[in-house]
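Data block below; observations after.
No lab work stands behind these numbers, since they all come straight from the coordinates. All values reported here derive from a predicted model rather than from experimental measurement. Cβ sites come from the backbone with ideal geometry, for glycine too, and all protein chains shown count toward neighbours.
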Amino acid sequence: DTAVSQTPKYLVTQMGNDKSIKCEQNLGHDTMYWYKQDSKKFLKIMFSYNNKELIINETVPNRFSPKSPDKAHLNLHINSLELGDSAVYFCASSQKISGGETQYFGPGTRLLVL
Amino acid sequence: GDSVTQMEGPVTLSEEAFLTINCTYTATGYPSLFWYVQYPGEGLQLLLKATKADDKGSNKGFEATYRKETTSFHLEKGSVQVSDSAVYFCALVFQGAQKLVFGQGTRLTINP
């Protein structure tokens, strides 16, 4: 009964390829997020969606394109992968769009670009 | 801009030692404050939170008090266990901002 799930867990690919990461939450939450964690463990938000609508886009290269087909899903597509995209990508969700709400994180997708 | 500064790691302690991980923030206004924990190979889990000044968050023996006057939210535990070994993240978020702003994380290792 995983609350926030991501697939795949690991992704190894060549530079220049296009790849997607999927995220699903079964918590009935309205808001979903993508975060990137670099090799030094630093975490930074990339995107957030509320009710399928993009709310935050944090100066992420346009090679990254999120898509939310419904409230329970938020996918991340990455075009023309670069070495610097290697990181752990975390999906998260919260009940609503409000500062005090707890965000629930998925297990992460470890992306390695060769 | 808003930021969170955590104690530099790594921190290594013996079992049953007292733990403090310092966290201070810079923000205009009064954010909500969080501690998240990341166990090896896993995602982040909320450890505790406080949404207004003087609130104390607590969970699993960990505590942190929201101190407006010192803009701090230090994490404490009276007696740590080996199972507490993890990376701890302090974070803040503003009403209407949604995005969590994280500190750099503090790696904690507890030796038996």
Distance in nm between residue B:30 and residue A:54 label points, each 7 Å along Cα→Cβ, equals 3.5
Partner aspartates and glutamates whose C-alpha sits under 15 Å from that of residue A:22, ignoring same-chain residues fewer than 8 away, are A:70
Of all stretches in chain A that avoid GluC sites (Glu not before Pro) placed in a DSSP loop and having at most 13 other Cβ atoms within 10 Å, the longest is A:1-57
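Given the pairs A:36/B:60; A:40/B:99; A:44/B:60; A:9/B:77; A:44/A:71, which span a C-alpha to C-alpha distance of over 24 angstrom in this model? The partial results should precede the final answer.
Values: A:36/B:60 27 Å; A:40/B:99 20 Å; A:44/B:60 26 Å; A:9/B:77 32 Å; A:44/A:71 22 Å.
Beyond 24 Å: A:36/B:60; A:44/B:60; A:9/B:77.
Which percentage, to the nearest 5, of the DSSP beta bridges contained in the protein assembly as shown is antiparallel?
Details: 70 of 78 bridges.
Around 90 percent antiparallel, to the nearest 5.
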Magnitude of the Cβ-charge dipole (Lys and Arg +1, Asp and Glu -1) of the protein assembly as shown about the Cα centre, nearest 20 debye, reported as 340
By the Cα gyration tensor axes a ≥ b ≥ c (a/c under 1.5 gives rounded; else a/b larger than b/c gives prolate, otherwise oblate), the shape of the protein assembly as shown is prolate
Excluding residues fewer than 8 positions from residue B:68 in its own chain, the lysines with Cα under 17 Å of it are B:49, B:52, B:56
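Chymotrypsin sites (Phe, Trp or Tyr not before Pro), restricted to segment A:14-50: which are DSSP loop and have at most 13 other Cβ atoms within 10 Å?
Values: sites: A:33, A:34, A:35, A:42, A:47, A:49; in loops: A:42.
For chymotrypsin sites (Phe, Trp or Tyr not before Pro) across segment A:14-50 that sit outside H, G, I, E and B with at most 13 neighbouring Cβ atoms in 10 Å, the list is empty.
Given +1 on the Cβ of Lys and Arg, -1 on the Cβ of Asp and Glu, and no further charges, what dipole in debye does segment A:1-99 carry about its Cα centre, rounded to the nearest 20? Don't jump to the answer; show the numbers that get you there.
Numbers: 12 positive and 10 negative charges, 29 e Å.
Its charge dipole is roughly 140 debye.
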Ratio for segment A:1-68, C-alpha Rg to 2.2 N^0.38 Å, reads 1.20
Applied in sequence order to segment A:42-53, the curve 6.51 cos²θ - 1.76 cosθ + 1.60 (Karplus, θ = phi - 60°) yields integer Hz couplings, x standing for Gly and Pro, of 6, 10, 9, 5, 10, 9, 9, 10, 10, 6, 6, 9
Computed over segment B:1-87, the Cα gyration tensor eigenvalues, each multiplied by 5 and square-rooted, give semi-axes in Å (largest first) of 23, 14, 12
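Is the C-alpha gyration tensor of chain A telling us rounded, prolate or oblate? Criteria: a/c under 1.5 is rounded; beyond that, a/b larger than b/c is prolate, otherwise oblate. Before the final figure, lay out each step's value.
On the way: a/c = 1.73, a/b = 1.63, b/c = 1.06.
Verdict is prolate for chain A.
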Amide H neighbours of residue B:98 at under 5 Å, excluding residues fewer than 5 places away on the same chain, with H built from the backbone geometry, are A:99
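Please list, by residue number, every one of the trypsin sites (Lys or Arg not before Pro) in segment B:17-78 that is coil in DSSP and has at most 15 other beta-carbon atoms within 10 Å. Write out the running numbers ahead of the final one.
Working: sites: B:49, B:52, B:56, B:60, B:67, B:68, B:77; in loops: B:52, B:60, B:68.
Hits after loop and neighbour filter: B:52, B:60, B:68.
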Across A:48-54, the residue-averaged tally of Cβ atoms belonging to other chains within 10 Å stands at 1
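Loop-only trypsin sites (Lys or Arg not before Pro) in segment A:58-114, please: DSSP not H, G, I, E or B, and at most 16 other Cβ atoms within 10 Å.
Numbers: sites: A:63, A:67, A:71, A:96, A:110; in loops: A:63, A:71, A:96.
Passing sites in segment A:58-114 are A:63, A:96.
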In segment B:43-112, taking the dipole from +1 charges on Lys and Arg beta carbons and -1 charges on Asp and Glu beta carbons about the Cα centre, the listed residue (B:80, B:106, B:46) farthest towards the positive end is B:46
Under the rule rounded for a/c under 1.5, else prolate if a/b exceeds b/c, else oblate, using alpha carbon gyration tensor axes a ≥ b ≥ c, segment B:9-49 is classed as oblate
The answer for residue A:17, listing residues at least 5 apart or on another chain whose modeled amide H is closer than 5 Å to its amide H, is A:81
Note, segment B:66-81: 3J(HN,Hα) by Karplus (6.51, -1.76, 1.60, θ = phi - 60°), whole Hz, Gly/Pro = x, goes 6, 10, 5, 5, 10, 6, 9, 8, 6, 8, 9, 8, x, 8, 7, 10
